[in-house]
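Right, one structure below, let's go through it.
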Amino acid sequence: MTNFFLPNTMPGLSPGRVWEVGIVGGGPGGLMTAYFLQKMSDVPVRVTIFEAADRLGGKIHSKRFQLASASYEAGAAELYDYSGVDEDPLRELVAELGLSIRPMGGSAVIMGGHVLSSVEDLREHLGDAAADELVAFDRMGKDWMSPREFYDADQPELAARPLEGRRFAEVLDRLRSPSTRGFIENTIHSDLATEPERTSVSYGLQNYLMNDPAYMTLYSIEGGIEGLPRELARRIRADVKLGHRATHVGRGPDGRMQICTTHDAEAREQEFDFVVVALPNNHVPSVTFRGARLADAMARHHAYYDHPAHYLRITILFSRPFWRSRVSDSFFMVDAFGGCCLYDESSRDPSEEHGVLGWLLGGEAALKKSALSDEALIAEALGSLPEMMSGGREFFLEGHVHRWVGAVNGIPGGIAQQPVDRRHQPEPVEHPDFFVVGDYLFDSTINGVLDSADYVASWLAARMAEQPTL
Ligand SMILES: Cc1cc2nc3c(=O)[nH]c(=O)nc-3n(C[C@H](O)[C@H](O)[C@H](O)COP(=O)(O)OP(=O)(O)OC[C@H]3O[C@@H](n4cnc5c(N)ncnc54)[C@H](O)[C@@H]3O)c2cc1C
């Protein structure tokens, strides 16, 4: 574990102030904030990261089975590549960290016992009306948002788009063919992590459009996505305090911002020039914000982004990848659990002889099924294999379940996009030294949390540069 400070003075600078920055949360958001700040700052900075768990990385968690060395993603499973449209800071960061990538892709939806990979497949198995309606829906989506607009979708100006503010279900309700609607829902349900009536037109259509490579492509990191937080942590010069849960944040007795934590049942407090809370919105209420204005601002902030969406992963090791004779993509969709993505986790490593399938349940199905035991869920996953693959159950070796209830945002960016400074500074008047970082402020992805961390790090670096000495 890297655990040291930036030097108190840096060559070429007059001895002076060492800025102290406290970051709550050691997930990608907290780590990226520390990393970018280190890169951008021209003045000495001492960073402390408080992480409640005994590991860094948050919802990026690459794991291994017991019976074989095969690996799988228990949390985030893919990274989004926008470099076909414009600059992609996440791709640049991954390259800068020396991580090798592997493209991912998949176009098949298995519905009613048929593998549907093209409009021709729909025409053959679901009929002309369903295929024609899908073509019209696809055209409407692309008319509504071009790849360029998709890239810029977190800008508040786009709030004025037609249909904005409406629920995605209203768009689906206009479809005449239940097969077309079923195809679209099965395609995007796992990504949405919520139901069409609980999300916006914008987020629903974006999750449909992202399947078109003109809008974005997908990739993973060789050896596991956890390579990203691991390499960030290796490079960050910070005091990383694992097992330190932040309980209170507010202004301390000396007028600076204070973070109170518990560690081994012992309460501690530390003061900082700046505090960054890098937590997902569902963890924001785990911290008490002191002072009436900050408490009120954070309560409003949490409520504005409080659109919980749910995931549940069931990942199974098989003695062989039996499904590849039918579908050989990195993932495919099935019409179980309201629409479910099955990742071929073993496709991430071409030398892997075992087969690993990961079911990503989203929305209501994930919420309801989370109450079941691991054994029951593994049995349900095996039972949900399409008929054409059901023989594969005999190759079962080991299964694992990871529950992510409320862990992502069903309407990222809030009901209407706010200006980026307002998103990151919930109480700028009396607490200009307090910031939040989160994927929920953008699109609920690692790309989004990177943008958030980048904004906050650049503001902090600029503020410190204005007053480099005491
Ligand atoms: C199942 C699943 C699949 C996903 N798939 C993808 C994907 O394919 N692609 C993608 O881009 N994104 C995906 N995401 C979203 C992605 O995981 C998030 O965008 C990313 O993890 C957000 O980083 P974060 O640092 O904001 O939050 P987190 O990753 O949640 O990290 C927050 C950290 O804060 C810590 N913490 C919480 N409370 C406290 C406290 N009081 N004090 C101190 N520490 C605390 C937590 O332990 C955690 O380590 C997925 C998410 C899930 C759940």
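The values are calculated or read from the model by the stated rules, or taken from the named source; none is laboratory data. The structure displayed is predicted, hence computed values, not measured ones. When we count neighbours, we look across all protein chains shown, and the Cβ atoms used for this are built from the backbone with ideal geometry, even at glycine. Quick note on the areas: whole protein, heavy atoms, side chains included, nothing else; ligands and nucleic acids left out. Shrake-Rupley method; radii C 1.70, N 1.55, O 1.52, S 1.80 Å.
Observations, loosely collected:
- Residue 245/residue 319 FRET efficiency (R0 41 Å; Cβ-Cβ; nearest 0.05): 0.50
- Accessible surface of residue 63, taken over heavy atoms with a 1.4 Å probe and every protein chain present, rounds to 70 Å².
- Fraction of beta bridges assigned by DSSP in region 11-158 that are antiparallel (%, nearest 5): 50 percent
- Rounded to 5, percent antiparallel among DSSP beta bridges of the chain: 70 percent
- Only protein heavy atoms count here; under a 1.4 Å probe, residue 395 has an accessible surface of about 40 Å².
- Quotient of C-alpha Rg and 2.2 N^0.38 Å, computed over the chain: 1.01
- Across region 235-380, the relative contact order, built from alpha-carbon pairs under 8 Å that are at least six residues apart, equals 17 percent.
- Ordering 318, 334, 305 by Cα displacement along the dipole of region 240-364 toward the positive end leaves 305 in first place; charges were set at the Cβ atoms of Lys, Arg (+1) and Asp, Glu (-1).
- Percent accessible area from carbon and sulfur atoms, region 406-470, protein chains only, probe 1.4 Å: 54 percent
- Region 371-427-region 299-370 distance, computed between alpha-carbon centres (Å): 7 Å
- Relative contact order (percent, whole number), the chain, Cα cutoff 8 Å, 6+ residue spacing: 24 percent
- Accessible-area composition of region 88-132, carbon plus sulfur, in percent [1.4 Å probe]: 49 percent
- Summed over qualifying helices (DSSP H, 4 residues or more, each -39500 (n - 2.57)) and divided by its residue number, the chain shows a 222 nm mean residue ellipticity of -9000 deg cm²/dmol.
- The mean sequence distance of close C-alpha pairs (under 8 Å, at least 6 residues apart), as a share of the length of region 104-243, puts its relative contact order at 25 percent.
- Per-residue Karplus couplings for region 205-212, computed as 6.51 cos²θ - 1.76 cosθ + 1.60 with θ equal to phi - 60°, are listed in order as 5, 4, 6, 6, 5, 5, 7, 8 Hz, Gly and Pro entered as x.
- Taking all protein chains as shown and a probe of 1.4 angstrom, residue 212 keeps an accessible surface of around 40 Å².
- Between the Cα long axis of helix 374-383 and the first principal axis of the chain there is an angle of about 40°, rounded to the nearest 10.
- For the chain, lysine pairs with C-alpha atoms less than 25 angstrom apart, excluding pairs fewer than eight positions apart on the same chain, total 8.
- GluC sites (Glu not before Pro) within region 341-375, DSSP loop, no more than 14 other Cβ atoms inside 10 Å: 353
- Point-charge dipole on Cβ atoms (K/R +1, D/E -1) for the chain, about Cα centre, debye to 20: 980 debye
- The dipole here belongs to region 117-205: it is taken about the Cα centre, uses +1 on the Cβ of Lys and Arg and -1 on the Cβ of Asp and Glu, and is about 200 debye.
- A 1.4 Å probe run over the chain, with the rest of the protein chains in place, finds 41 Å² accessible per residue.
- Chain lengthening between residue 394 and residue 63 when straightened (0.36 nm per residue, less Cα-Cα): 116.8 nm
- Relative to one another, the C-alpha centroids of region 214-261 and region 182-200 are positioned 30 Å apart.
- Where Rh is the Kirkwood radius over Cα pairs, Rg/Rh for region 233-363: 1.17
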